[in-house]
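*Asks:* Can you keep this structure in mind? I'll have questions shortly.
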Amino acid sequence: MIPAGEALVRDPGHAGDPLNGYHALPPTHAFFDPLNCRVLPGTGEAYDTCGAAIKVNREGKNIGHLVEMCSNEPGHYKREIPKTCHRLECPICQSGTLQRAAEAMANRVNGYRRAVQHRNMTLDGVMIRSGGRPPRHATMELSRRDTNAVCERTVRALNKRSPGEWKLEDAEALFVEKFRAAVRRHLKKLDVEAGAIVVHLDRVTDRGKQLFRKAHPGVILASEDDPVSGIALWRWIRDQDNWRELIYFAPHAHILVYGSHVVDTQDYYEETGTFYKIIRDITPKVNKDHEYLDNRNKVVSYEEAVLSAITGVCYYLLSHTPVSKGRVSWSPFGGLHSSKLSGAYTIKKDVKTCPKCDSDIIKAVEDDSGEIVEEVINNRTGEVAVSWKKKKICWWWFKGDPIPPGIPPNARGSPRGEVKKPFADYNMKRIEDKFGSGWGVVKKRGGGSIRG
């Protein structure tokens, strides 16, 4: 607990002092200490139904639960289909939701590289100059003065907006927003072309790292900023009952950047007190036969390997960023912003196949004894329901550039798709059927309204 009457924040470097690790810092910092308010992915409470089997009833009687299995031989592959709440704070269901968020972020980060490739390519598909290198992973820590200023502006804005009524969750969400804006201003001064910003509010204490090394003696902890060892560290931290005591408030940002900064970072640090460092290049994995691998060590193409490598870094970055209003957030910067980068995508669906015999994976009902009661029938097709694996196919280009070829008309965000009718035209028939003819639509500032 924070000592009564004191606005103090823990400093992990002096855990043995009389204040038990607390040191006087600006009073506003106490609002953001993880002991007071913090929710990371997987650190909330699960519902009673999370991870439970999906029961199947017939005539009011339970006959079993849903599974997916190999259509040729159930012994090859069989998996129970669990219920999920899709909440990031849920310790049972967060993994899939976090993976989807990481894939969405990685697709846009990779989209900048694809747009550069498209700009440097002729209509015949020939590269006229090199381009489209993968992004780099960088980190930025604002100076103490800038961090204090962000804390004070956050509290001042909340007191002005709703004095005495705001919650610590509101302060945390607004702090992340203002801290991200401060990082964006420094990136502009550093002449960074494009990037994706993820704000972290905490770092692991020395005691937390010592306990992790003791629990995992075989893991080499190079740095908590390194995705390879850092993901194991933060996964272990989130699993501890006292995880809030093993971290401390130390806001910083991770950026997936494109382009080379022209400002010397050492000179910039001496001038502003803001620390900016390139941690590493994000490169795809390669085996001994010089074949590209994805995160599951499956041989893939170069483009798939690059996207997989970016997705892995995005998953790591989002795995310990604060959950605010049910979401983990990141922010595009520069060329990644929607005002400069356009995209379209379609969802490709393929039937899941058995890892042993390549047969289709189907859905069935299994009773408590492990026997298959019946196969699930698709009501629309009348055939046995299969399990699908979905893949997003994306096209990216910069606004003002020619549109990439091959975009299907039904792609979401496609400029070649059918132009949607205005809201008024789309609903006019329904309006006239309900109210009769003679009704019209007038435009006014702030939107449209229906009048007789």
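The values are calculated or read from the model by the stated rules, or taken from the named source; none is laboratory data. Computed from a predicted model, the values in this text were never measured in an experiment. All Cβ positions, glycine included, derive from the backbone under ideal geometry; neighbour counts span all protein chains shown.
*Asks:* Among the candidates Thr346, Thr283, Thr311, which residue alone is at negative phi, part of a helix (DSSP H, G or I), within 20 Å of the chain's Cα centre (by Cα) and of a type in the set (Val, Ile, Thr)?
*Replies:* On inspection, the qualifying residue turns out to be Thr311.
*Asks:* Under 7 Å between Cβ atoms, at least 6 apart or on separate chains: pull out the pairs that start in the range 229-248 with a residue that is surrounded by 15 or more Cβ atoms within 10 Å (Cβ to Cβ) and end on any residue that is basic (Lys, Arg).
*Replies:* Cβ pairs passing all conditions: Arg244/Arg38; Leu246/Arg207; Ile247/Arg203; Tyr248/Arg10; Tyr248/Arg203.
*Asks:* Moving on. Under the condition of being exposed (fewer than 15 other Cβ atoms within 10 Å of the Cβ) and either among the hydroxyl-bearing types (Ser, Thr, Tyr) or out of contact with any Asp or Glu (no Cβ under 9 Å at 6 or more places or on another chain) (or both), which residue from the range 365-378 is nearest to Glu193 (Cα to Cα)?
*Replies:* Looking at the filtered set, the residue picked out is Asn378.
*Asks:* Any idea which residue in the range 255-300 is nearest to Ile197 (Cα to Cα), counting only those that are of a type in the set (Gly, Ala, Ser) and surrounded by fewer than 17 Cβ atoms within 10 Å (Cβ to Cβ)?
*Replies:* Ser260
*Asks:* How many residues does the range 268-280 hold that are in contact with a helix residue (DSSP H, G or I) (Cβ under 6 Å, 6 or more places away or on another chain) and either assigned to a loop (DSSP other than H, G, I, E, B) or over 28 Å from Ile310 (Cα atoms) (or both)?
*Replies:* Residues that pass the stated criteria total 1.
*Asks:* In addition: Given the conditions (1) surrounded by 16 or more Cβ atoms within 10 Å (Cβ to Cβ); (2) of a type in the set (Val, Ile, Thr); (3) touching a Ser or Thr at 6+ places or on another chain (Cβ under 8 Å), and given that Val351 satisfies all but one, which numbered condition is not satisfied?
*Replies:* The one condition Val351 does not meet is (1).
*Asks:* Also: Condition check: touching a residue at least 40 places away in the same chain (Cβ under 8 Å), surrounded by 10 or more Cβ atoms within 10 Å (Cβ to Cβ), assigned to a loop (DSSP other than H, G, I, E, B) and of a type in the set (A, V, I, L, M). Does Ile407 satisfy that?
*Replies:* Spelling it out, Ile407 is indeed touching a residue at least 40 places away in the same chain (Cβ under 8 Å), surrounded by 10 or more Cβ atoms within 10 Å (Cβ to Cβ), assigned to a loop (DSSP other than H, G, I, E, B) and of a type in the set (A, V, I, L, M).
*Asks:* Got at least one residue in the range 167-184 being more than 21 Å from Ser331 (Cα to Cα) and assigned by TED's automatic domain parsing to the domain that holds Glu304?
*Replies:* yes
*Asks:* Can we say Gly259 is under 26 Å from Leu201 (Cβ atoms) and not hydroxyl-bearing (Ser, Thr, Tyr)?
*Replies:* no
*Asks:* Which of the residues spanning the range 136-174 are of a type in the set (Ser, Thr, Tyr) and either within 20 Å of Arg203 (Cβ to Cβ) or part of a helix (DSSP H, G or I) (or both)?
*Replies:* Thr139, Ser143, Thr147, Thr154
*Asks:* Going through Thr321, Thr381 one at a time, which residue ends up being loosely packed, with under 12 Cβ neighbours inside 10 Å, among the hydroxyl-bearing types (Ser, Thr, Tyr) and either within 30 Å of Leu174 (Cβ to Cβ) or free of Cβ contacts under 8 Å to residues at least 12 places away in the same chain (or both)?
*Replies:* Of Thr321, Thr381, the one residue that is loosely packed, with under 12 Cβ neighbours inside 10 Å, among the hydroxyl-bearing types (Ser, Thr, Tyr) and either within 30 Å of Leu174 (Cβ to Cβ) or free of Cβ contacts under 8 Å to residues at least 12 places away in the same chain (or both) is Thr381.
*Asks:* Where in the range 21-126 are there strands (runs of 3 or more DSSP E), lying fully within it, with 3 or more residues that are of a type outside the set (D, E, K, R) and modelled with pLDDT of 90 or more?
*Replies:* Those strands (runs of 3 or more DSSP E) span 61-70.
*Asks:* Moving on. Would you say Gly438 is modelled with pLDDT under 85 and either closer than 30 Å to Val116 by Cβ or among the basic types (Lys, Arg) (or both)?
*Replies:* no
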